Each structure stands twice: as structure tokens, then as C-alpha cells.
Amino acid sequence: MISEFGTLPDGSPVREVTLKKGQLEASVLTFGAIIRDLKVDGQSVVLGFEDLQSYLDHSPYFGAIAGRCANRIAEGRMSIDGVAYQLDRNDDERHHLHGGAGGFSNRNWQLEQSDKASVLLKLVSEDGEMGYPGRVEALVRYTLTGAGALRVKITATTDKTTPVNLTQHSYFNLGGGPDILDHTLEIAAESYLPADDTLIPTGEIRRVEWTPYDFRDGRRLKRRSGEDGVVFDNTFCLSAEPRQNVEFAAALEDPHGDRRMEVWTTEPGVHLFDAPWLDIPVPGLGGKSYGPYAGLCLETQRWPDSINRENFTPVLLHPSETYTHVTEFRFS
Ligand code: FUC
């Protein structure tokens with residue numbers, strides 16, 4: 001079902017596509033390719049808003065596709081084939097974050113095609129946009145599968161070599177409670193990327209064992225004593241390169257063990273952000289208020305700042321290639 005969701009300041013209409021399959025229902029906006037709501041058996045498992053204005057004024061990338069490069073690029077600087085580029089510095093006017101102020105999450109995507117259980121959205125990002133070289137065409141397809149999953153497939157092509165790193169930025173809360181601290185989290189990563197106090201990876205790839213970043217056996221997210229200072233805003237390393245097929249990355253369970261979500265992906269990293277500072281001044285879905293830790297993000301992607309790190313993941317897309325990213329959120 002397609003409906004009007006609102007009008008952007010430039011007059012363009014934002015449309016909403018509602019998908020249904022089995023026990024899943026998803027609402028997708030053309031603006032930001034946002035997953036506005038995702039319901040499992042009638043209960044919302046993501047954070048979102050009921051109106052467009054709240055997205056424009058208050059959304060910390062709720063449900064959006066972040067890009068052209070998700071996460072941070074240090075000082076917004078990069079060079080390709082010896083040519084230096086300065087990208088938009090929208091993160092405290094210092095770093096480049098989620099593709100810049102006019103990144104993919106802030107654009108109204110074109111609705112290409114939709115049916116009962118899937119929708120295809122397209123975005124063209126012009127040469128020079130946010131400082132990036134090359135005209136990029138990106139496609140996102142959201143599909144509700146018969147097996148109880150939301151499948152996200154993202155592809156992109158370019159006419160000049162440019163970094164591309166797209167991610168789905170939903171905030172999950174499976175229990176419907178005020179925060180996710182009691183959720184159980186498992187992440188299939190042997191190592192993670194420590195970051196400096198401006199959240200730029202230091203370059204080190206550190207083993208998770210004996211650190212608060214060891215989620216390999218699954219454990220409650222809630223801080224144990226001694227872990228109180230840990231803020232999760234780090235990338236976990238799943239592989240050195242993107243994989244051909246989706247593989248298990250993470251699992252999240254609500255405190256009562258009623259609901260489980262598994263994340264499967266082709267991407268080599270999953271960025272955990274537990275939103276400790278969330279304090280949204282307007283109501284969210286169903287009138288909910290979103291405070292600290294109201295939801296957590298498991299953003300599958302290439303490792304942040306890869307463009308500036310030889311020991312990180314490949315992130316450059318060349319004109320002859322197609323960027324392909326598949327992530328599945330499987331519910332049971
Ligand atoms: C995540 C984090 C960032 C951020 C943003 C809203 O991706 O990595 O630190 O503030 O979301």
C-alpha cells in the first residue's frame with residue numbers, strides 16, 4: 001500500500017509504502033529510505049516517528065540508509081589516486097559523518113517499484129555532492145521474506161572511483177520497554193576497532209577477549225560493575241572483506257526471551273551503537289518517549305574510515321564494478 005506521508009520544505013512529496021508478509025509489517029518512507037516502523041506480530045521493534053516533521057527536526061538517523069559513506073571519515077579528508085578531497089564536516093564541524101549533512105539519509109528517494117512484500121527505491125548522488133567524486137546511482141530493495149525476515153539489498157554504481165559504504169541505521173528495541181539494557185546481545189566477532197574520544201578508529205584491530213566488547217557467547221547488554229564507563233559506539237570485525245553470501249553477525253533477544261532477531265550480512269563489520277545520549281523531545285511511535293538507550297543499532301557496513309586505513313576493509317567503488325550489500329534481520 002502506498003500513501004502520502006508529508007511534504008518536504010522544497011515541496012516534494014514523501015511517500016510511505018507499507019509491506020506485509022506473515023507476522024511482519026514494515027513501513028518504508030521515500031525520505032532517507034527510512035524504515036519508519038517494523039512490526040512483528042503487531043508490536044513495533046524499531047524506533048521511529050508518526051510524522052515527517054519529527055524526522056526533519058529530531059531524528060538521529062532513525063531507520064535510514066546512511067551514505068555515501070556511513071560512519072566517520074577523519075576530518076572529512078581522503079585522497080584517491082593522489083587527488084585530495086575535502087568532504088562535508090558535519091560531525092561537530094570536524095569529521096565527516098554518515099555522508100554529510102546532505103547525505104543519503106536526508107534525501108527523498110525515488111519509488112521505483114513496489115508490491116505487497118517488497119519495495120525498490122533509487123537515489124542519484126551527483127558528482128561532487130558532499131565533496132565526493134563521481135555520480136553514484138544507488139538502489140535499495142526491502143523485502144519481507146516468507147521466513148520471517150526483513151531483507152535489505154543495496155547496490156550502487158559510479159562513473160568515477162569513489163568510496164561507497166552504505167548501512168541500514170535502524171534502532172531496535174525488541175521488548176517495547178523504555179531501554180535495551182536488559183536485552184541479550186551476541187556478536188560473532190573476534191575483534192573490534194577501538195576509537196579515540198572523537199569516535200575515529202585508532203587503527204588498531206583489538207581482540208575482544210577480556211574486554212567489555214566480548215559478545216561472542218551472548219550476554220546482557222546491561223553494564224556489569226566496572227563496565228559503567230563503556231559506551232558502545234564501535235565497529236566489530238566480522239571479516240577482512242565483504243562476503244559473497246550472508247553470514248551470521250549478531251543476535252538480539254528481548255529480556256523475557258520472547259523475541260529474537262538475528263542479523264545476517266555480507267558486510268565485513270557491524271557497528272554497535274547503544275544510544276546512551278538519546279533524549280528525543282517529541283513522541284515516537286505510538287506516543288512512546290525515547291530516552292537514553294531506548295534502542296540500539298547494529299549497522300552492517302565496511303569498517304569506518306577505511307578510506308584512510310590500509311589495514312581496514314576495501315571501500316573504493318570503480319566505474320566497472322557494482323557495490324552489493326545484503327543484510328537480513330531474521331525474527332523468531
Ligand atoms: C551512529 C553512531 C554515531 C552517531 C549516530 C547517530 O552511527 O556511530 O556516533 O552519533 O549513529
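The values are calculated or read from the model by the stated rules, or taken from the named source; none is laboratory data. It should be emphasised that the depicted structure is a prediction, and the values quoted were computed from it without experimental measurement. All Cβ positions, glycine included, derive from the backbone under ideal geometry; neighbour counts span all protein chains shown. Ligands, DNA and RNA are excluded from the accessible area calculation, which covers all protein heavy atoms including side chains. Shrake-Rupley method; radii C 1.70, N 1.55, O 1.52, S 1.80 Å.
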> Quick one: net charge of G134's neighbours, Cβ under 11 Å, K/R +1, D/E -1?
Replying inline: -2
>> Return the Rg/Rh ratio of the range 223-332 with Cα-based radii and a Kirkwood Rh.
In response: 1.03
> Counting only the backbone N, which residues of the range 28-55 are under 18 Å from the spot 7 Å out from the Cα of K20 toward its beta-carbon?
Replying inline: 28-29, 36-45
>> Taking all protein chains in place and a 1.4 Å probe, what share, in percent, of the accessible surface of the range 130-263 do carbon and sulfur account for?
In response: 45 percent
>> Below 12 angstrom from the Cβ of A294, what's the summed charge of the other residues (Lys, Arg +1; Asp, Glu -1)?
In response: -2
>> Quick check: net charge around H58, other residues with Cβ under 13 Å of its Cβ, Lys/Arg +1 and Asp/Glu -1?
In response: -4
>> Just to confirm, what accessible area per residue do you get for the range 179-332 at 1.4 Å probe, in whole Å²?
In response: 44 Å²
>> Can you tell me, using C-alpha contacts under 8 Å and at least 6 residues apart, the relative contact order of the chain as a whole percent?
In response: 18 percent
> Ignoring any ligand, DNA or RNA, what whole percent of the accessible area of the range 19-82 comes from carbon and sulfur when the probe is 1.4 angstrom?
Replying inline: 38 percent
> Taking the alpha-carbon set of the chain, what are its Rg and Dmax in Å?
Replying inline: 18.5, 54
>> Show me, for the range 256-270, the HN-Hα J-couplings you get by feeding each phi into the Karplus relation (A = 6.51, B = -1.76, C = 1.60, θ = phi - 60°), rounded to Hz, glycine and proline as x.
In response: 8, x, 7, 9, 10, 10, 10, 10, 10, 8, 8, 6, x, x, 10
> How long is the gain from Q53 to R206 if the chain were fully straight, where each residue apart is worth 0.36 nm and the alpha carbon distance is subtracted?
Replying inline: 51.0 nm
> Separation between the R94 and D182 pseudo-spin-labels, each 7 Å from Cα along Cα→Cβ, expressed in nm?
Replying inline: 3.7 nm
> Are there chymotrypsin sites (Phe, Trp or Tyr not before Pro) in the range 22-82 that DSSP puts in a loop and that have at most 12 other Cβ atoms within 10 Å, and which ones?
Replying inline: none
>> Averaging over every viewing direction, what projected area does the convex hull of the Cα atoms of the range 100-164 cover, in nm²?
In response: 5.0 nm²
> How long are the semi-axes of the ellipsoid equivalent to the range 82-231, from square roots of 5 times the Cα gyration tensor eigenvalues, in whole Å, largest first?
Replying inline: 32, 25, 14
